[in-house]
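The values are calculated or read from the model by the stated rules, or taken from the named source; none is laboratory data. Please read all numbers here as calculations on a predicted model, not as lab measurements. All Cβ positions, glycine included, derive from the backbone under ideal geometry; neighbour counts span all protein chains shown. Areas reflect the complete protein model, heavy atoms only, side chains present, ligands, DNA and RNA absent. Shrake-Rupley method; radii C 1.70, N 1.55, O 1.52, S 1.80 Å.
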Amino acid sequence: MAGKRFGNSIKTVLLLGIMWAILLGIGYLIAYGTNNSAFLWIFAVIGLASTFYSYWNSDKLAIKAMGAYPLDPGQYPQIVKIVTELSQTAGQPMPRLYIAPTATPNAFATGRNPSHAAVCCTEGILQILNERELRGVLSHELMHVYNRDILTSSIAAAIGGLITSVAQMMFFFGGGRRDEENSGPLGAIGGLLMVFLAPLAATLTQLAISRTREFDADQTGAELSGDPLALASALKKLEAGTTARPLVKNPQTEKVGFMMIANPFRVRGMQQLFSTHPPMDQRIRRLEEMAGY
């Protein structure tokens, strides 16, 4: 299984490389077509600054978006017990614990590093999981922090946002004019394809990174808890629970949805192509294979 985890890491690096290649490609087209790359640098600075702010304050922003409140140890002693044991096993600091007031069963962890981490469970997940399954879920979430997945996601989001912004700038300011003059219709068509297809390719690559990170957290979380089947059982319940009680989709919850262990929104048909989470049956099958099934 260590080999599979290494493969996931290599895949993440390659996917990030693809996103950088797309960004550099459209940046080259702008510089070549306008003889001025200043706008590219302006968008880069703005994009990186906003991403750094989001990354540095990821825990506060996510908790606020869900309207979560600090966990009362007296009311939820099992969560405190589980997270304390898992943190000690991993040799990491104890994260802050929160409860989100929603019936949608889910959980997420966020924070720029283990010393600034927060773990949040919804009220709904506490109603459908037993203690063993909850331990599996919390192991998964803690590993997102330990694996520095918030950093990876922030980098991917930054590059993806820059690609979209630069492509839009090409469309509105005519970044491919020189290509049109020198290459005729084919050059113009190539520029238009870059404008429309580059953001789509960046989005799909970013989603692939997110899915890879979920597989990785499943595996390392199961290793931390020592109970892959507990997480597999929890995922089965979460799939049914989120389908029955999906989270209301709005600008605030969309910022947190990709962090959650199960896709909190109702996904149908072609929407699955743009899902931030891999199919549950694949995740469950991998966990069962870890347990020798």
Label point distance in nm, Glu223-Gln252, each placed 7 Å from Cα along Cα→Cβ: 3.8 nm
Give the aspartates and glutamates reachable from Lys81 as a straight Cα distance under 19 Å; neighbours fewer than 8 places away on the same chain don't count. Asp72, Glu123, Glu131, Glu133, Glu141, Glu223, Asp227
Return a whole-number percent for the relative contact order of region 52-168, with Cα pairs under 8 Å and 6 or more residues apart as the contact set. 26 percent
With 0.36 nm assigned to each residue of separation and the Cα-Cα distance removed, Glu123 to Met94 gains 8.3 nm
Could you order Leu86, Leu229, Leu200 so the one with the most accessible surface comes first? Probe is 1.4 Å. Leu200, Leu229, Leu86
Over region 195-293, with the other protein chains present, what is the accessible area per residue in square angstrom, probe 1.4 angstrom? 47 Å²
Rounded to the nearest 10 Å², the 1.4 Å probe accessible area of Phe52 is 120 Å²
Starting at 0 and stepping by 5 Å, how many percent of the alpha carbon pairs of region 117-169 end up in each bin? 4, 16, 17, 15, 13, 11, 10, 8, 4, 2, 0
Glu289 and Arg132 label points (each 7 Å along its Cα→Cβ direction) are spaced in nm at 2.4 nm
Taking only protein heavy atoms into account and a 1.4 Å probe, give the accessible area per residue of region 73-151 in Å². 36 Å²
Can you grab the distance from the C-alpha centre of region 245-269 to the C-alpha centre of region 198-228, Å, no decimals? 16 Å
